[in-house]
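Heads up, the thing below is written out as structure tokens.
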Amino acid sequence: MTMTVEPASRLDRVHDRQDIAKRLLKSAARKSYDPLIEVDWDAEVVPGLYGMTPEWCSLYGTDLWDRMTEEQRITLTNHEAASISATGIWFELILMQMLIRDAYRQDPASPHFQFALTEIADECRHSTMFAKAAEVFGIPNYERPRWVNFLSRPFKALASGSLAFGGTLAAEEILDMMQRDFMKDDRVQPVTRTVSKIHVLEEARHIRFAREETVRIAAEMTPMRRRMTQLSLAVTVYLVMYSLVNPKVYEAAGLDKREAKRAARNNVHYRDRTTDGFAKTIRFLDECGLIGGPGKLLLKRAAII
């Protein structure tokens with residue numbers, strides 16, 4: 001049963017918002033990273049290691065994966081990691097625009113405003129980091145389909161409130177659940193492990209920020225606004241999941257693209273991993289009243305629920 005978050009008083013909400021922002025600012029001061037310094041960009045790619053945890057590969061667990069050579073598997077994980085990074089850059093550029101739009105209305109002297117700028121700076125560094133990681137593997141940018149870019153433009157230009165922060169939370173959690181495995185996996189290239197570690201540690205603050213704002217804003221939504229947000233949020237999550245693995249990665253590994261796409265689409269192993277990994281976030285969004293209506297069908301199609 002869906003739970004509805006009860007609204008707090010206006011004074012309590014303002015106090016909580018600023019208090020959380022103060023804590024996050026202190027955390028950022030204690031532990032932030034400069035990827036240009038922290039990552040050894042000149043290190044050679046290690047032969048025999050994967051570009052990402054193979055269990056997160058879209059073909060892992062399929063008959064096609066079993067028929068692939070080890071070289072093909074490594075090549076595919078390199079290219080899927082680059083495709084995921086490209087999607088991360090795309091959404092972080094959208095996120096920065098939303099944060100700037102939100103900060104525009106805030107008091108510059110407030111901790112909330114200052115943490116928003118801190119997060120924007122983090123996201124700039126993360127986007128640069130993802131771009132350089134793909135460059136290390138010598139992999140070109142995997143662009144999204146035109147229709148995805150077209151549908152994301154209204155979200156990029158207009159999203160605010162719980163849609164903006166709820167969408168941010170969902171997209172960041174998708175990367176987070178994968179990268180927590182990447183950073184601990186000795187089978188994975190050192191550059192991927194380091195990039196994943198930096199992103200996971202810094203995104204923990206961003207996710208906390210997004211969760212707090214989502215709860216606060218969702219508590220005051222009208223029923224109509226809630227229904228619209230449920231659908232828009234589901235569309236956002238679907239577009240992110242759809243864009244994670246560009247079908248061209250299969251050709252790069254010497255596979256038949258049509259066969260590989262069909263195998264990936266029917267991959268129960270991959271679907272179970274994404275559903276299990278996203279379960280905590282879905283529970284949170286459901287408690288905020290942001291899961292429901294026709295959007296549930298899209299979330300099921302995206303292997304999120």
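The values are calculated or read from the model by the stated rules, or taken from the named source; none is laboratory data. The structure presented is a predicted model; accordingly, all values stated were derived computationally and were not measured. When we count neighbours, we look across all protein chains shown, and the Cβ atoms used for this are built from the backbone with ideal geometry, even at glycine. Surface accessibility is based on the protein's heavy atoms, side chains included, excluding ligands, DNA and RNA. Shrake-Rupley method; radii C 1.70, N 1.55, O 1.52, S 1.80 Å.
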Q: May I ask you to list the residues of the range 163-191 whose amide nitrogen lies under 20 Å from a point 7 Å from Cα along the Cα→beta-carbon direction of residue 225?
A: 163-170
**Q.** Apportionment of accessible area to carbon and sulfur, the range 170-260, percent (1.4 Å)
**A.** 53
Q: Give the dimensionless ratio obtained when the Cα radius of gyration of the chain is divided by 2.2 N^0.38 Å.
A: 1.01
Q: Pull up the cross-link candidates among the aspartates and glutamates for residue 156, meaning alpha carbon to alpha carbon under 15 Å and not fewer than 8 places away within one chain.
A: 92, 102
(Q) I need the phi-derived Karplus couplings for the range 266-275: 6.51 cos²θ - 1.76 cosθ + 1.60, θ = phi - 60°, integer Hz, Gly and Pro marked x. (A) 9, 7, 5, 4, 5, 4, 5, 5, 5, 5
**Q.** 3J(HN,Hα) from dihedral phi, the range 233-246, Karplus parametrisation 6.51/-1.76/1.60, rounded to Hz, x for glycine, proline
**A.** 5, 5, 4, 4, 4, 4, 5, 5, 5, 4, 8, 4, 10, 6
Q: Could you check the simple spin-label distance between residue 55 and residue 301, using points 7 Å along Cα→Cβ, in nm with one decimal?
A: 3.0
Q: Report, ordered by chain and residue number, the lysines lying within cross-link reach of residue 31, taken as a straight Cα distance under 26 Å and ignoring same-chain residues fewer than 8 apart.
A: 22, 132, 184, 197, 280
**Q.** Separation between Cα centres of the range 11-89 and the range 236-288, rounded to whole Å
**A.** 16
Q) So what is the relative contact order for the range 46-192, in percent, with contacts set as C-alpha pairs under 8 Å and at least six apart? A) 36
Q) Mind listing which GluC sites (Glu not before Pro) in the range 44-79 are in a DSSP loop and have 10 or fewer other Cβ atoms within 10 Å? A) 44
Q | R0 of 30 Å, Cβ-Cβ distance residue 16-residue 121: FRET efficiency to nearest 0.05 | A | 0.80
Q: Can you pull the one-decimal nm distance between simple spin-label points at residue 30 and residue 141, each 7 Å off the Cα toward Cβ?
A: 3.8
Q. Once amide H atoms are placed 1.01 Å from N in the peptide plane, what residues at a sequence separation of 5 or more from residue 188, or on another chain, have their amide H within under 5 Å of its amide H?
A. 50
Q.
Given points 7 Å out from each Cα along the Cα-Cβ axis, report the residue 186 to residue 269 separation in nanometres with one decimal.
A. 2.2
Q: Let me know the shape class of the range 31-75, please: from the alpha-carbon gyration tensor, a ≥ b ≥ c as square roots of the eigenvalues, rounded when a/c is under 1.5, otherwise prolate if a/b is greater than b/c, or oblate.
A: oblate
(Q) Which residue fluctuates most in the GNM of the chain (Cα springs below 10 Å): 234, 279, 264? (A) 279
Q: Can you sort 165, 150 by 1.4 Å-probe accessible area, starting with the largest?
A: 150, 165
**Q.** Two-site FRET efficiency, residue 101 against residue 201, from Cβ-Cβ distance with R₀ of 30 Å, rounded to 0.05
**A.** 0.70
Q.
Can you give me the accessible area per residue for the chain, using a 1.4 Å probe, in Å²?
A. 49
